[in-house]
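The values are calculated or read from the model by the stated rules, or taken from the named source; none is laboratory data. Because the structure is a prediction, the values reported are computed rather than measured. Cβ placement follows ideal geometry from the backbone for every residue including glycine, while neighbour counts extend to all protein chains displayed. Please note that ligands, DNA and RNA were not included when accessible areas were found on the heavy atoms of the full protein model with its side chains. Shrake-Rupley method; radii C 1.70, N 1.55, O 1.52, S 1.80 Å.
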Amino acid sequence: MPLKFGTSKAIAIAFGVLTVSSIGGMFTMIILFKAQTQNITMTPPPTLPPTTLAPPPDMRLPKSLVPQKYKIVLAVHLYTKIIEEGNGSNPNITTPNQTMIFTGNSTVHFQCAQKTMSIFLNSRNLIVSSPVVLNKDAKRNIKVSGLKHHDDESDFLELELMDALEAGGNYSLYLSFHGEVSDNLEALYLSRYTDGIFDYESVGDPNADRFIAATNLQPTDARKVFPCFDEPDMKAVFELTIIHRRETRALGNAAPYESNIIDDEWQYTIFRATPKMSTYLFAFTVVDDSFKSTTSPISNTDRVEINTYARPEAIDAGHADYATDITRKLLRFYESQFEMKYAMEKIDQIALPDLYPAAMENWGLITYQEGFLLYQEGVSSLLHKEDIATVIAHELAHQWFGNVVTMKWWNDLWLNEGIATYLSYFAVDSVEPTFNIKEISIMNDLHDAFREDALASSHPLSPASKEIETTNDILGMFDSISYSKGAIVLRMLSNHVGEVVFNKGLQMYLKAFQYGSVEKDDLWEYIQMNRVAKAVRNTDDIAGFMNPWTTQSGYPVITINTTDGQVYQKQFLFNNSANSSNSWTVEIEFISNASSKFEKVYLYNNKPVNKEAFIAKNGEWFLANINCTGYYRVNYNPENWERLLAQLQKNRHNIPMLNRGQLIDDAFNLARAKLVNVTLALNSTLFLTKETEFLPWESAVRNLEYFILMFDRSEVYGPMQTYLREQVRELYNFFKTYTDDDSVPQNDHSLQYTQLLAIKLACSNGLPECVEMAKQKYAAWMESKITNSIHPNLRSEIYCQAVAAGEKEEWEFAWDMYQTSSNTSEKDQLRRALSCTKKIWLLSRYLDYTLDPEKIRLMDVASTIYYIAQNSAGQALAWNFIRANWDYVSQGDGAMLIAGVTSRFSTEFELEELMRFQNYELGGASRAVSLAIEQTQVNIQWVKENKDVVLQWFEQKTSSVRQKEY
């Protein structure tokens, strides 16, 4: 947001008075003199001609200066609590206005690698003044002739100098600055909560808002807090001093080593130096003293203090205990797995009432949305505990992959996010084996990546760095490609080289680049090095194997003809008419019903080859990509498809469970790309009446949801619902006793997922006993208003289905419960349930609520609108709403909004509206609109070609059902 500059001069003067009068000479001596003149051991700069001036930069910072250390002093003027005037016994109490101001100064020590007459940093929305450049070698100041901000997307702050900085020299730059605390969940921002605990000596409202100052700097918002070299490979040490009001507490990346009172209003906290790290990991918070923590006890073998901070009532009730306990277990797992100790002496993790995204891996101070850190026994679902473990595992993996070793530039973001996602599978599986979620997590990521990567507008895992320059370009990299595809191709590589070799390669990579920055080829080098050293399998070039998977967008579909053994690959695209010459080295593992032994063949390009191993000599079936270890789809000749589907109906257990799900997913997506008939895809669901495993059902439901999105406004929807209702009946009855008794299968999270899916599918398709069950359980809660006997695992679906079947009373009860609940998990379930109503006027009211942060927090706006858009009654409302209110609603996840509101688009009119929307100022969501346009074009063509066939298939199945009934 633009700064309000009207009070800038007064702010600058006020900070000057604060630092000079209140703090005395301490900060002047420490920051302006001692910090600039002390000797610092510097890394030798690159050898460059000393007389050659560094060229002017273009979007990226020049490499002429190499930062070494920042010394930062920040004063946060925020009040963490505000007492109401005239509400209490003391008439002399006055109410201060909230002060959304921070002020500060910084000294950055750096080396000069190439002679230059200018210093370039990044700065945005800051008023910067008082530059002092010191030649530390000569111990003299260098005059600054100009200070200017570049008015473009580079966010450059340029200092023009009277004398040149010489290559090999050591320098420092002091700057004063001030800015505003954001209310948009970015940079240094404001979060608020109500604790209702403290009455502050009976003065004021005990339920008044409390305020938190917190940072969220990834990817390019550090420059909004202090002027800096804000690029990930420009790592430095950070020494931070926070000046904050008394009765508040400051937390930072490192542990505090000094805290003292300045005067009646202010105190300061000085933190120890951090390891060398990127600017986006810099973090601090200022919270009310009432904020509490739970601490993990340190055993003889532990060195790291783990503190989990949250609202006082959450800590007192033990809601942070699980997070603290699982963090200790995960930390031990990672230290053993990586053979490298965690680099700092403490991990603070804090549950923030407001944060976007779900969590941020700041080194030593990990921030979380409350819902991903707090667990309330008996209210939070068991599946929510799973989410907490997974998110913590992801953020802790980043303490090594991202924090210790960082990608050089954002084009290789997947080296952070893909690796952390992949490692979290094993971490959670190791410390919480009863969850048994590894396979579910893998398939979720595989299908998320498949869906986005099947569009021509997808992007490579590692695009060229010159293609990712602006902040919007960088934000576009935070998607399913970087996270999910990154994880899946690493899983494929691990399978290719062997898990032992892969894990040892990761350990060597960490040690080699500790506190440094990397590109993808650095990872390949160390896996290759370890592979050769171990002399395992073949020693083909890892870079040659992996680069096509990382530098090209998309993935192949492998077509196998079991009649003549011909095999070939082609890039899979929903728009199958698009031309692509991309090819990959593909390792195909397969079995047949004649032999369950894994066999393997390779494809090296997109030319057809004949493989004797794939010829069906006695009518057997072949199944490729066993356990989905490869990032590709598989198509077969019609005869092999028929044999596989017959096997599923005859004895599904002869086909591995992951492949049962994947056969369905491949069939439906091949049909969307017009590579197989749509009836083949629908036939792949027939065996599900006997299936109880989650992944095959999840795959079918997710793919049939596309049919629902395309046809729930047409005559296809009625017979489709009838078919789905009958398919799920047996599964619903399998869990009926559990559901009716408000219980779930114990010690099997996979079955718990299946139970929830059965309720969703049965109720949403009108199975009478399911709808009645949801209405009765919800009505009992409404009548009691206090006692909620619905099992926490089942609440999300029962709430939704009861609200969908209900009237105004059911909706308003859910809204009242949402407003009064203090449990984040419960609030999230109610917030989703409110979007399930079929009453358009209630959905319209709910959309209006998203514009009021007192009703719907800003971080929840995007997901709330997304939920509404998934409701057929709310999709058009949500589309009109986001266009009318884009500037506000897109402050969270704009890409999620676009995906949600456009998911049903399948007409030329909707395509035209979407293309007009492309002219909006879309920021980081611009790529999402391009994807939506391409997907809408695919949808239009697919509906046109398949509607009649799909209607005929469902009508035929509906007719069969009716014949059985009679």
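Based on what the data block shows, is residue 755 more than 25 Å from residue 890 (Cβ to Cβ) and touching a Pro at 6+ places or on another chain (Cβ under 9 Å)?
yes
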*Of everything in region 833-845 that's buried (at least 23 other Cβ atoms within 10 Å of the Cβ) and not hydrophobic (A, V, I, L, M, F, W, C), which residue is farthest from residue 875 (Cα to Cα)?*
837
*What is the one condition in (1) part of a helix (DSSP H, G or I); (2) in contact (Cβ under 8 Å) with a residue 60 or more places away in the chain that residue 792 does not satisfy?*
(1)
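Go through region 774-788 residue by residue and tally those that are part of a helix (DSSP H, G or I) and at pLDDT below 90. Show your work before the answer.
As a first pass, look at region 774-788 and keep what is part of a helix (DSSP H, G or I): 774-784.
Keeping just the survivors that are at pLDDT below 90 gives 784.
Number of matching residues: 1.
For the structure I just gave you, tell me whether residue 151 is at pLDDT below 90 and of a type in the set (D, E, K, R). Break it down into steps so the answer makes sense when it comes.
Working: at pLDDT below 90: yes; of a type in the set (D, E, K, R): yes.
So residue 151 fits the description; yes.
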*Members of region 609-651 found to be farther than 17 Å from residue 681 by Cβ, basic (Lys, Arg) and surrounded by 15 or more Cβ atoms within 10 Å (Cβ to Cβ), listed by number*: 611
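Mind checking whether some residue in region 585-599 is assigned to a loop (DSSP other than H, G, I, E, B) and either open to solvent by less than 60 Å² (accessible area, probe 1.4 Å) or among the β-branched types (Val, Ile, Thr) (or both)? Lay out the reasoning, then the answer.
Pass one, region 585-599, residues assigned to a loop (DSSP other than H, G, I, E, B): 585, 593-594.
When the remaining residues are screened for being either open to solvent by less than 60 Å² (accessible area, probe 1.4 Å) or among the β-branched types (Val, Ile, Thr) (or both), the result is 585.
Yes: one or more hits.
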*Single unsatisfied condition, residue 256 versus (1) crowded, with 21+ Cβ neighbours inside 10 Å; (2) modelled with pLDDT of 95 or more; (3) not charged (D, E, K, R)*: (1)
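Got a sec? Which of 780, 774 is hydrophobic (A, V, I, L, M, F, W, C), free of Cβ contacts under 8 Å to residues at least 12 places away in the same chain and either open to solvent by less than 50 Å² (accessible area, probe 1.4 Å) or within 24 Å of residue 809 (Cβ to Cβ) (or both)?
Working: 774 fails: free of Cβ contacts under 8 Å to residues at least 12 places away in the same chain.
The match here is 780.
Looking at region 264-281, is at least one residue in contact with a helix residue (DSSP H, G or I) (Cβ under 7 Å, 6 or more places away or on another chain), in contact (Cβ under 8 Å) with a residue 24 or more places away in the chain and β-branched (Val, Ile, Thr)?
Within region 264-281, one or more residues are in contact with a helix residue (DSSP H, G or I) (Cβ under 7 Å, 6 or more places away or on another chain), in contact (Cβ under 8 Å) with a residue 24 or more places away in the chain and β-branched (Val, Ile, Thr).
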*asked:* Looking at region 852-861, can you tell me whether even one residue there is surrounded by fewer than 21 Cβ atoms within 10 Å (Cβ to Cβ) and closer than 20 Å to residue 806 by Cα?
replied: no
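Would you mind stating whether residue 342 is more than 30 Å from residue 829 (Cα to Cα), assigned to a helix (DSSP H, G or I) and either open to solvent by less than 10 Å² (accessible area, probe 1.4 Å) or modelled with pLDDT under 95 (or both)? Can you show your working first?
On the way: more than 30 Å from residue 829 (Cα to Cα): yes; assigned to a helix (DSSP H, G or I): no; either open to solvent by less than 10 Å² (accessible area, probe 1.4 Å) or modelled with pLDDT under 95 (or both): yes.
It is false that residue 342 is more than 30 Å from residue 829 (Cα to Cα), assigned to a helix (DSSP H, G or I) and either open to solvent by less than 10 Å² (accessible area, probe 1.4 Å) or modelled with pLDDT under 95 (or both).
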*Failed item in (1) out of contact with any Lys or Arg (no Cβ under 8 Å at 6 or more places or on another chain); (2) without any contact (Cβ under 8 Å) to a residue 40 or more places away in the chain; (3) assigned to a loop (DSSP other than H, G, I, E, B), with residue 578 passing the rest*: (2)
*How about region 355-376: which of its residues are assigned to a loop (DSSP other than H, G, I, E, B) and either among the small types (Gly, Ala, Ser) or open to solvent by less than 10 Å² (accessible area, probe 1.4 Å) (or both)?*
355, 358, 361, 362, 363, 364, 373
*List the pairs whose first member sits in region 329-345 and is in contact (Cβ under 8 Å) with a residue 12 or more places away in the chain, whose second member is surrounded by 21 or more Cβ atoms within 10 Å (Cβ to Cβ) and of a type in the set (Phe, Trp, Tyr), and whose Cβ atoms are under 6 Å apart, counting only residues at least 6 apart or on separate chains?*
338/400
_What's the number of the only condition in (1) open to solvent by 50 Å² or more (accessible area, probe 1.4 Å); (2) outside any helix (DSSP H, G or I) that residue 745 fails to meet?_
(1)
*Note down all Cβ pairs under 9 Å where the first residue falls in region 892-908 and is without any contact (Cβ under 8 Å) to a residue 24 or more places away in the chain, the second is part of a helix (DSSP H, G or I), and they're at least six residues apart or on different chains.*
none
*Would you check which residues across region 65-97 are buried (at least 16 other Cβ atoms within 10 Å of the Cβ), modelled with pLDDT under 95 and either within 28 Å of residue 150 (Cβ to Cβ) or among the aliphatic types (A, V, I, L, M) (or both) and list them?*
78, 82, 83
*asked:* Name the single residue that is farthest from residue 151 (Cα to Cα) among those in region 443-494 being open to solvent by 20 Å² or more (accessible area, probe 1.4 Å) and among the aromatic types (Phe, Trp, Tyr).
replied: 483
*Out of all the residues in region 830-872, which are assigned to a helix (DSSP H, G or I) and of a type in the set (Gly, Ala, Ser)?*
833, 835, 844, 862, 863, 869
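Residues in region 727-741: is at least one among the acidic types (Asp, Glu), open to solvent by 10 Å² or more (accessible area, probe 1.4 Å) and in a loop (DSSP other than H, G, I, E, B)? Write out each step before concluding.
Of the residues in region 727-741, the ones among the acidic types (Asp, Glu) are 730, 740-741.
Filter once more, so that each one left must be open to solvent by 10 Å² or more (accessible area, probe 1.4 Å): 730, 740-741.
Filter again for in a loop (DSSP other than H, G, I, E, B), leaving 741.
Within region 727-741, one or more residues are among the acidic types (Asp, Glu), open to solvent by 10 Å² or more (accessible area, probe 1.4 Å) and in a loop (DSSP other than H, G, I, E, B).
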*Long-range neighbours under 6 Å by Cβ, at least six apart or interchain, first residue within 10 Å of residue 635 (Cβ to Cβ) within region 667-681, second assigned to a helix (DSSP H, G or I) and open to solvent by 10 Å² or more (accessible area, probe 1.4 Å)*: 667/680
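Confirm whether residue 819 is touching a Cys at 6+ places or on another chain (Cβ under 9 Å), of a type outside the set (Lys, Arg), modelled with pLDDT under 95 and in a helix (DSSP H, G or I). Even if it seems obvious, please write down each step before you answer.
Values: touching a Cys at 6+ places or on another chain (Cβ under 9 Å): no; of a type outside the set (Lys, Arg): yes; modelled with pLDDT under 95: yes; in a helix (DSSP H, G or I): yes.
So residue 819 does not fit the description; no.
Taking residue 287 as the residue in question, decide whether it is open to solvent by less than 20 Å² (accessible area, probe 1.4 Å), hydrophobic (A, V, I, L, M, F, W, C) and not in a loop (DSSP other than H, G, I, E, B). Give the derivation first.
Numbers: open to solvent by less than 20 Å² (accessible area, probe 1.4 Å): yes; hydrophobic (A, V, I, L, M, F, W, C): yes; not in a loop (DSSP other than H, G, I, E, B): yes.
Against the criterion (open to solvent by less than 20 Å² (accessible area, probe 1.4 Å), hydrophobic (A, V, I, L, M, F, W, C) and not in a loop (DSSP other than H, G, I, E, B)), residue 287 qualifies.
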*Could you tell me whether any residue of region 886-908 is of a type in the set (S, T, N, Q), in a helix (DSSP H, G or I) and surrounded by fewer than 22 Cβ atoms within 10 Å (Cβ to Cβ)?*
no
_Top-ranked residue of region 914-936 - restricted to ones that are of a type in the set (S, T, N, Q), part of a helix (DSSP H, G or I) and more than 15 Å from residue 706 (Cβ to Cβ), ranked as farthest from the chain's Cα centre (by Cα)_ = 930
*How many residues does region 112-146 contain that are basic (Lys, Arg), crowded, with 17+ Cβ neighbours inside 10 Å and more than 16 Å from residue 228 (Cβ to Cβ)?*
2
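Picking from 702, 729, which residue would you name as being in contact (Cβ under 8 Å) with a residue 60 or more places away in the chain and out of contact with any Pro (no Cβ under 8 Å at 6 or more places or on another chain)?
On the way: 729 fails: in contact (Cβ under 8 Å) with a residue 60 or more places away in the chain.
Of the residues listed, the single one that is in contact (Cβ under 8 Å) with a residue 60 or more places away in the chain and out of contact with any Pro (no Cβ under 8 Å at 6 or more places or on another chain) is 702.
Can you name the residue in region 666-707 that is more than 22 Å from residue 726 (Cβ to Cβ) and not β-branched (Val, Ile, Thr) and, of all such residues, is most open to solvent (accessible area, probe 1.4 Å)? If you could, list the steps in order and put the result at the bottom.
Applying the first criterion (more than 22 Å from residue 726 (Cβ to Cβ)) to region 666-707 yields 666, 669-670, 672-677.
With not β-branched (Val, Ile, Thr) added as a condition, the list becomes 666, 669-670, 672-675, 677.
Working: 666: 9, 669: 9, 670: 0, 672: 29, 673: 0, 674: 107, 675: 62, 677: 89 Å².
Looking at the filtered set, the residue picked out is 674.
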